[in-house]
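A.B. asks: Quick one: this structure, given as structure tokens, is what I'll be asking you about.
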Amino acid sequence: MINENLYALLQSHFPKDSNKPCLILPDGRIWTYADIERASGRIANLFAALDLVPGDRVAAQVEKTPEALLLYLACLRAGMVFLPMNPAYQRHEISYFLADARPGLFVCRPQMRGLADEMAKGVIKVLELNDDGRGSLIAAAAAHRDAHSVVARKGDDIASILYTSGTTGRPKGAMLSHRNLAANAKVLSAYWHFQPHDVLLHMLPTFHVHGLFVASHCVLMSGAAMLFEPNFNARRALDLLPRATVFMGVPTYYVRLIKEPGLTKALCARMRLFVSGSAPLLSETFEEFRTRTGHTILERYGMTEGGMFTSNPYAGERRGGTVGFPLPGTELRIVDDQGHPVADATVGNIEVRGENVFIGYWGMPEKTAEEFTDGWFKTGDMGSRNPDGYISIIGRSKDLIISGGLNVYPKEIEEIIDALPGVTESAVIGLPHPDFGEAVCAVVVKSKDEKGLALGAADIIGELKKQLANFKVPKQVFFATELPRNSMGKVQKNELRQKHASA
Ligand code: MCA
Ligand code: AMP
């Protein structure tokens, strides 16, 4: 039987010369492919010593370090299910994920240890991974052997669970199988022409599909190397672009790059590809970047629930304002609200199908069934197909804000604001923002009592900061006497967006 473990696939593409660099760190240290194999092998052996068995979840809320990536690779090879969490998440968010996913192990930062132990209730094992890559996880793994045979997995076995919030406010764990991830890894590395001599400038976080799967898998599938940076910083990117051949980013990265006077054609002379996604790339940014660097950004479109669905062509015309064509192996259709395919150039609901599309939401069979029609996944994105096949994303039917490439579901924030003393109701909306694309803003109706009178914007923001990751906290709070509603009683968010657009 073929082992469909994704790690086995990646490993089969590792370079013959295992001393070839895989990760190049800011301080010049290098992790070779041999180092990656040995260190992930030690962590995989540690899992067995902790009595974890394949299928157990391993949750991680850690900063981006080489060791964090190794933890992911160790999970793959040992058959564990990797559950990454944004380090910005607070108690409210983490406790939900742990209770829902019931991991066998939680790897956290030392500053979260007290909270982690409290939430683990003695049931979940807790180990630490510090922001410098040390910690009890690595210390414990050091006692184990390097050699580890990749655990046999079937294509449908879960490799990772990534939580995406939802329009109902209750986050859903998207289960991605070894087959899902492998399908996208194979297609993307080939479609974007990854070669062993490539050097990817990796500045994305590693707790989302974009940085963890799309970027890392392309490199590992081609035996290439990555300049592995802890985060995005435009100045630092300028220092490193001359050493790189590929860059991947969210639109905010490109907005910030073109603000740098040092961004020139000469600086990008060695580069062969710039990829953008996770949020719409404005045509001004697309054009300005081309003028400044001579490079045409390749925009692609995807989602946590299936990785990448479409891409502009590598060799053909990369058209601004479009996300290109469905990738090989992904079918995409655009349908009206009754599910009938619409004509070219007509806006409809985007649905996708393919080996990359996830296997369902963890513990939510009904929710999963609702999101599929005959195997087609409803993305919640609206778009159209041009007569020559290019897909454009026109909007979203789901109530979602994308701020700097990070998703914020208004419902989650509205529920917390509505529970505050002095609040009658609220509506959270996205308003245009020059840096983040969209900024989270709240419109709040206060109660007419003393609590309402005393409540100010700073109180609301202060309370939200205690409970939620900072990027979800509204950048602005507006007060209103009532929320506009239609005859069905539904809040008219479009009206609110128009009213406050220039605020
Ligand atoms: C940080 N802050 C933000 C954001 N990030 N506010 C709104 N939106 C954000 N995205 C807040 C912080 O809480 C802080 O607030 C202040 O801004 C400065 O924080 P700092 O960490 O210094 O910000 P930064 O380093 O400038 O980060 C901004 C960033 C980062 C570089 C745009 O958010 C980022 O790397 N985003 C990429 C996310 C990503 O990988 N998305 C892909 C998802 P305060 O001052 O109040 O403390 S995967 C996906 O969507 C699908 C599959 C796809 O298609 O790819
Ligand atoms: P996530 O749930 O974090 O995976 O975010 C996926 C969502 O990001 C998609 O459903 C789209 O709404 C949006 N998205 C991703 N790439 C693009 C793009 N190139 N243009 C517009 N929206 C995008």
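A.B. asks: Residues to consider are His193, His197; find the one that is touching a Phe, Trp or Tyr at 6+ places or on another chain (Cβ under 6 Å) and surrounded by fewer than 18 Cβ atoms within 10 Å (Cβ to Cβ).
C.D. replies: That would be His193, the only listed residue that is touching a Phe, Trp or Tyr at 6+ places or on another chain (Cβ under 6 Å) and surrounded by fewer than 18 Cβ atoms within 10 Å (Cβ to Cβ).
A.B. asks: Which pairs turn up if I take residues in the stretch 204-219 that are closer than 18 Å to Trp31 by Cα and open to solvent by 10 Å² or more (accessible area, probe 1.4 Å) and look for partners that are of a type in the set (D, E, K, R) and at pLDDT 95 or above with beta carbon separation below 8 Å, at least 6 apart in sequence or on another chain?
C.D. replies: Filtered contacts from the stretch 204-219: Thr206/Lys64.
A.B. asks: Can you confirm whether Ala266 is without any contact (Cβ under 8 Å) to a residue 12 or more places away in the chain, of a type in the set (A, V, I, L, M), open to solvent by 60 Å² or more (accessible area, probe 1.4 Å) and within 20 Å of Asn386 (Cα to Cα)?
C.D. replies: It is false that Ala266 is without any contact (Cβ under 8 Å) to a residue 12 or more places away in the chain, of a type in the set (A, V, I, L, M), open to solvent by 60 Å² or more (accessible area, probe 1.4 Å) and within 20 Å of Asn386 (Cα to Cα).
Results for (1) modelled with pLDDT under 95; (2) buried (at least 17 other Cβ atoms within 10 Å of the Cβ), shown as yes or no for each residue.
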{"position": "Arg109", "(1), (2)": "no, yes"}
{"position": "Gly135", "(1), (2)": "no, yes"}
{"position": "Ala141", "(1), (2)": "no, yes"}
{"position": "Arg145", "(1), (2)": "no, no"}
{"position": "Ser149", "(1), (2)": "no, no"}
{"position": "Gly166", "(1), (2)": "yes, yes"}
{"position": "His178", "(1), (2)": "no, yes"}
{"position": "Asn184", "(1), (2)": "no, yes"}
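Here is a yes/no grid of residues against (1) modelled with pLDDT under 95; (2) open to solvent by 10 Å² or more (accessible area, probe 1.4 Å); (3) part of a loop (DSSP other than H, G, I, E, B):
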{"site": "Thr291", "(1), (2), (3)": "no, yes, no"}
{"site": "Gly302", "(1), (2), (3)": "no, yes, no"}
{"site": "Glu317", "(1), (2), (3)": "no, yes, yes"}
{"site": "Gly320", "(1), (2), (3)": "no, yes, yes"}
{"site": "Leu332", "(1), (2), (3)": "no, yes, no"}
{"site": "Ala343", "(1), (2), (3)": "no, yes, yes"}
{"site": "Ile350", "(1), (2), (3)": "no, no, no"}
{"site": "Phe358", "(1), (2), (3)": "no, no, yes"}
{"site": "Phe377", "(1), (2), (3)": "no, no, no"}
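A.B. asks: Answer yes or no as to whether Arg29 is farther than 21 Å from His144 by Cβ and among the basic types (Lys, Arg).
C.D. replies: yes
A.B. asks: May I pose another question? Restricted to the stretch 237-265, and to residues that are more than 16 Å from ligand 1 (Cβ to nearest atom) and not aliphatic (A, V, I, L, M), which residue is nearest to the chain's Cα centre (by Cα)?
C.D. replies: Top of the filtered list is Thr245.
A.B. asks: If I filter the stretch 74-121 down to residues being closer than 21 Å to Met364 by Cβ and among the aromatic types (Phe, Trp, Tyr), which single residue comes out as farthest from ligand 1 (Cβ to nearest atom)?
C.D. replies: Tyr96
A.B. asks: Another question about this same structure. Being more than 18 Å from the chain's Cα centre (by Cα) and closer than 22 Å to Asn5 by Cα is the filter here, so list the residues in the stretch 152-188 that pass it.
C.D. replies: Matches in the stretch 152-188: Ala152, Arg153, Lys154, Gly155, Asp156, Asp157, Arg179, Lys186, Val187.
A quick yes/no check of all residues on (1) more than 25 Å from Met119 (Cβ to Cβ); (2) in contact (Cβ under 8 Å) with a residue 60 or more places away in the chain:
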| site | (1), (2) |
| --- | --- |
| Arg29 | yes, no |
| Ala34 | yes, no |
| Arg42 | yes, yes |
| Ala48 | no, no |
| Gly55 | no, yes |
| Val62 | no, yes |
| Thr65 | no, yes |
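A.B. asks: Which condition number does Leu105 fail, the rest of (1) closer than 28 Å to Pro21 by Cβ; (2) surrounded by 21 or more Cβ atoms within 10 Å (Cβ to Cβ) being met?
C.D. replies: (1)
A.B. asks: Then there is this: Pro387 passes all but one of (1) surrounded by fewer than 21 Cβ atoms within 10 Å (Cβ to Cβ); (2) away from ligand 1 (no atom under 16 Å from the Cβ); (3) more than 30 Å from Thr310 (Cβ to Cβ); which number fails?
C.D. replies: Tallying (1) surrounded by fewer than 21 Cβ atoms within 10 Å (Cβ to Cβ); (2) away from ligand 1 (no atom under 16 Å from the Cβ); (3) more than 30 Å from Thr310 (Cβ to Cβ), Pro387 fails exactly one: (3).
A.B. asks: With the structure loaded, tell me whether Ser278 is crowded, with 21+ Cβ neighbours inside 10 Å, of a type in the set (Ser, Thr, Tyr), under 24 Å from the mean Cα position of the chain (by Cα) and part of a helix (DSSP H, G or I) or whether it fails that test.
C.D. replies: Considered against the rule, which asks whether it is crowded, with 21+ Cβ neighbours inside 10 Å, of a type in the set (Ser, Thr, Tyr), under 24 Å from the mean Cα position of the chain (by Cα) and part of a helix (DSSP H, G or I), Ser278 comes out as no.
Conditions tested, residue by residue: (1) assigned to a helix (DSSP H, G or I); (2) open to solvent by 10 Å² or more (accessible area, probe 1.4 Å); (3) closer than 30 Å to Asp100 by Cα.
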position: Asn3; (1), (2), (3): no, yes, yes
position: Asp17; (1), (2), (3): no, yes, no
position: Leu23; (1), (2), (3): no, no, no
position: Pro26; (1), (2), (3): no, yes, no
position: Val53; (1), (2), (3): no, yes, yes
position: Glu63; (1), (2), (3): no, yes, yes
position: Leu70; (1), (2), (3): yes, no, yes
position: Cys75; (1), (2), (3): yes, no, yes
position: Leu83; (1), (2), (3): no, no, yes
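A.B. asks: Just one of (1) among the aliphatic types (A, V, I, L, M); (2) over 22 Å from Tyr301 (Cβ atoms); (3) open to solvent by 30 Å² or more (accessible area, probe 1.4 Å) trips up Ile161, so point out which.
C.D. replies: Tallying (1) among the aliphatic types (A, V, I, L, M); (2) over 22 Å from Tyr301 (Cβ atoms); (3) open to solvent by 30 Å² or more (accessible area, probe 1.4 Å), Ile161 fails exactly one: (3).
A.B. asks: Being of a type in the set (Gly, Ala, Ser) and in contact with a Leu (Cβ under 9 Å, 6 or more places away or on another chain): is that true of Gly348 here? Step through it out loud before you land on a result.
C.D. replies: Details: of a type in the set (Gly, Ala, Ser): yes; in contact with a Leu (Cβ under 9 Å, 6 or more places away or on another chain): no.
Against the criterion (of a type in the set (Gly, Ala, Ser) and in contact with a Leu (Cβ under 9 Å, 6 or more places away or on another chain)), Gly348 does not qualify.
Quick grid of which residues meet (1) without any contact (Cβ under 8 Å) to a residue 40 or more places away in the chain; (2) within 25 Å of Tyr163 (Cα to Cα); (3) within 12 Å of ligand 2 (Cβ to nearest atom):
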position	(1), (2), (3)
Asn386	no, no, no
Gly389	no, no, no
Ser397	no, yes, yes
Asn407	no, yes, yes
Ile416	no, yes, no
Pro432	no, no, no
Val440	yes, yes, no
Lys446	yes, no, no
Gly452	yes, no, no
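A.B. asks: Go through (1) more than 16 Å from ligand 1 (Cβ to nearest atom); (2) of a type in the set (Val, Ile, Thr); (3) not in a strand (DSSP E or B) one by one and return the number of the condition Val126 breaks.
C.D. replies: The single condition Val126 does not satisfy is (3).
A.B. asks: Okay, next question. Say whether the condition of being within 30 Å of Ser12 (Cα to Cα), within 16 Å of ligand 2 (Cβ to nearest atom) and either crowded, with 21+ Cβ neighbours inside 10 Å or polar (S, T, N, Q) (or both) is met by at least one residue in the stretch 241-248.
C.D. replies: Yes, the stretch 241-248 contains a residue that is within 30 Å of Ser12 (Cα to Cα), within 16 Å of ligand 2 (Cβ to nearest atom) and either crowded, with 21+ Cβ neighbours inside 10 Å or polar (S, T, N, Q) (or both).
A.B. asks: For the stretch 252-267, indicate whether the set of residues that are touching a His at 6+ places or on another chain (Cβ under 8 Å) and either within 13 Å of ligand 2 (Cβ to nearest atom) or of a type outside the set (A, V, I, L, M, F, W, C) (or both) is non-empty.
C.D. replies: No.
The values are calculated or read from the model by the stated rules, or taken from the named source; none is laboratory data. Fair warning: this is a prediction, and the values are worked out from it, not measured in the lab. All Cβ positions, even for glycine, are placed from backbone atoms using ideal geometry, and neighbour counts span all protein chains on display. Remember, those area values only see protein heavy atoms, side chains included, never the ligands or the DNA or RNA. Shrake-Rupley method; radii C 1.70, N 1.55, O 1.52, S 1.80 Å.
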